[in-house]
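For reference, the structure discussed in these notes is given below.
The values are calculated or read from the model by the stated rules, or taken from the named source; none is laboratory data. Source: prediction; values computed, not measured. Cβ atoms come from the backbone with ideal geometry, glycine included; neighbour counts cover every protein chain shown.
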């Protein structure tokens, strides 16, 4: 795309522009688990961000410093992201399901020197810091008093406000760890420009405006909620409504209560909402459309749109692209089950195994063109080899298989990457296999995704025990994994076998395991 929509503006610039335009407009609403709502105008939010940035600076956080954020959805998470952006510091969001091993990887690999966490995660952070063996600056969010060596997050806002540091907008803003083919997640470096481009791409592509209210129940440690809800709202000069987590029984009441006009959902949410008892109020709401990712069945999509009167807009994106690669047109044919047309500023191609561009209708790997640090990720942090293998000449390899039709619509077929998709989360099969393989009774293990009626895929482990090893149970495998893995990564199905199908070069034939053809 020839037009540059963002120039050298930063996240701080964007926020100040919105304050100058509509200082008294409601920007952020957070409704906690008890239904209590905190409301901040653009001006109030910016002042809180500027004072919190001053507090971070007084605590020793500066430009380029990495700050881990192990926080649930809340005002503090949103404020921390923007306050660190003001300083030119780098936020490192952590999945709050992470266990000690996983959090230690995020903090250690990112070289974070500060960790901001909820008081409900104190024990986890204590163990993580002990494992790392490195002194950490600790900042705590919650109602419990700060302990010795901790700073209460609320105290940061008592500092003098500071204005956003003048930065080049291709400087890092955050590092988000995402599962792929490796045993440990890679850190995707996202810049100020990535955030601004994401906001422009989503707000323009979805035809939203300052009249819109964007509702999110998805976690802010993922790009989905950041891009499709938070940044979409900020760019459009709208209102961002956040709740702690998704609840199928509360979702429709929440969107009605806040007058939401836009929501971002995943396929699991579609299925669980359909499973709720029908109500005469199901179609009584203000939502004009909902963006979603991951396929739902034709019958599920039709039933959802008929019952809730919500227009589902399919799309496709990655952490590495700061979400949308393609999106179905809001005003035009959607060509279901297409995942849309290339989003603003995107060029998409399909590449065959020979590296040549595939013909219309022929499947191959989906690749997307962009400018590193601007319209696609800057890099994988401290992993130049992985960066070079993923991005070459501006073309980012997605690891997904798809095809384009004659009108340029993209269709998803399969994944090249060895990952399992569960309720919107990417799970590295290699990571789960590595944990199971540490058990002294295990000789061989393979992990695959198998269909799940609600959560897209279930994690299934095939295990061969060592000769002479005592028999293992499903519960023992689960307990072993839960000690090291976030609960959503732990296998829900375990099958013990005498052997696994192998290729001629000694690799496990996972396709046979997934299809059930290997007996």
Looking at (1) in contact (Cβ under 8 Å) with a residue 60 or more places away in the chain; (2) touching a helix residue (DSSP H, G or I) at 6+ places or on another chain (Cβ under 9 Å); (3) under 26 Å from residue 332 (Cα atoms), find the lone condition where residue 208 falls short. (1)
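What residue, of 84, 40, 48, is buried (at least 24 other Cβ atoms within 10 Å of the Cβ) and not in a loop (DSSP other than H, G, I, E, B)? Break it down into steps so the answer makes sense when it comes.
On the way: 40 fails: buried (at least 24 other Cβ atoms within 10 Å of the Cβ); 48 fails: buried (at least 24 other Cβ atoms within 10 Å of the Cβ).
Within the list 84, 40, 48, the selection yields 84.
Could you please give the count of residues in the range 401-445 that are in a loop (DSSP other than H, G, I, E, B) and either modelled with pLDDT of 90 or more or in contact with a helix residue (DSSP H, G or I) (Cβ under 8 Å, 6 or more places away or on another chain) (or both)? Before the answer, list the steps.
Within the range 401-445, the subset in a loop (DSSP other than H, G, I, E, B) is 405-409, 416-418, 423-424, 438-441.
Then keep just the ones that are either modelled with pLDDT of 90 or more or in contact with a helix residue (DSSP H, G or I) (Cβ under 8 Å, 6 or more places away or on another chain) (or both); that gives 405-409, 418, 423-424, 438-441.
Number satisfying all stated conditions: 12.
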Among the residues of the range 125-145, count how many are in contact with a helix residue (DSSP H, G or I) (Cβ under 9 Å, 6 or more places away or on another chain) and under 17 Å from residue 67 (Cβ atoms). 11
For the subset of the range 364-400 comprising residues that are free of Cβ contacts under 8 Å to residues at least 24 places away in the same chain and assigned to a helix (DSSP H, G or I), which member is surrounded by the most Cβ atoms within 10 Å (Cβ to Cβ)? 387
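Residue by residue through the range 446-497, note down the ones that are more than 23 Å from residue 267 (Cα to Cα), part of a loop (DSSP other than H, G, I, E, B) and out of contact with any helix residue (DSSP H, G or I) (no Cβ under 7 Å at 6 or more places or on another chain). Show your work before the answer.
Pass one, the range 446-497, residues more than 23 Å from residue 267 (Cα to Cα): 446, 461-485, 494-497.
With part of a loop (DSSP other than H, G, I, E, B) added as a condition, the list becomes 466-473, 483-485, 497.
Correct list: 466, 467, 468, 469, 470, 471, 472, 473, 483, 497.
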Examine the range 190-201 for a residue that is touching a residue at least 40 places away in the same chain (Cβ under 8 Å) and within 13 Å of the chain's Cα centre (by Cα), and state whether such a residue exists. yes
In the range 27-37, what residues are over 15 Å from residue 76 (Cβ atoms) and surrounded by 15 or more Cβ atoms within 10 Å (Cβ to Cβ)? 27
Tell me which of these residue 309 doesn't satisfy, since it passes every other one: (1) buried (at least 16 other Cβ atoms within 10 Å of the Cβ); (2) in contact (Cβ under 8 Å) with a residue 12 or more places away in the chain. (1)
Is it fair to say residue 463 is over 25 Å from residue 343 (Cβ atoms), without any contact (Cβ under 8 Å) to a residue 60 or more places away in the chain and either surrounded by fewer than 21 Cβ atoms within 10 Å (Cβ to Cβ) or under 21 Å from the mean Cα position of the chain (by Cα) (or both)? no
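Quick check: is even one residue across the range 347-359 touching a strand residue (DSSP E or B) at 6+ places or on another chain (Cβ under 6 Å) and within 22 Å of residue 199 (Cα to Cα)? Walk me through it before giving the result.
Restricting attention to the range 347-359, the residues satisfying the condition of being touching a strand residue (DSSP E or B) at 6+ places or on another chain (Cβ under 6 Å) are 347-352, 357-358.
Filter again for within 22 Å of residue 199 (Cα to Cα), leaving 347-348.
Yes, the conditions are met somewhere in the range 347-359.
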Looking at this structure, is residue 106 over 19 Å from residue 164 (Cβ atoms), at pLDDT 95 or above and assigned to a helix (DSSP H, G or I)? yes
When residue 55 is run through (1) free of Cβ contacts under 8 Å to residues at least 40 places away in the same chain; (2) in contact with a helix residue (DSSP H, G or I) (Cβ under 6 Å, 6 or more places away or on another chain); (3) over 24 Å from residue 254 (Cβ atoms), the failure sits at (1)
What tally of residues in the range 252-295 results from selecting those that are touching a strand residue (DSSP E or B) at 6+ places or on another chain (Cβ under 8 Å) and in a loop (DSSP other than H, G, I, E, B)? 9
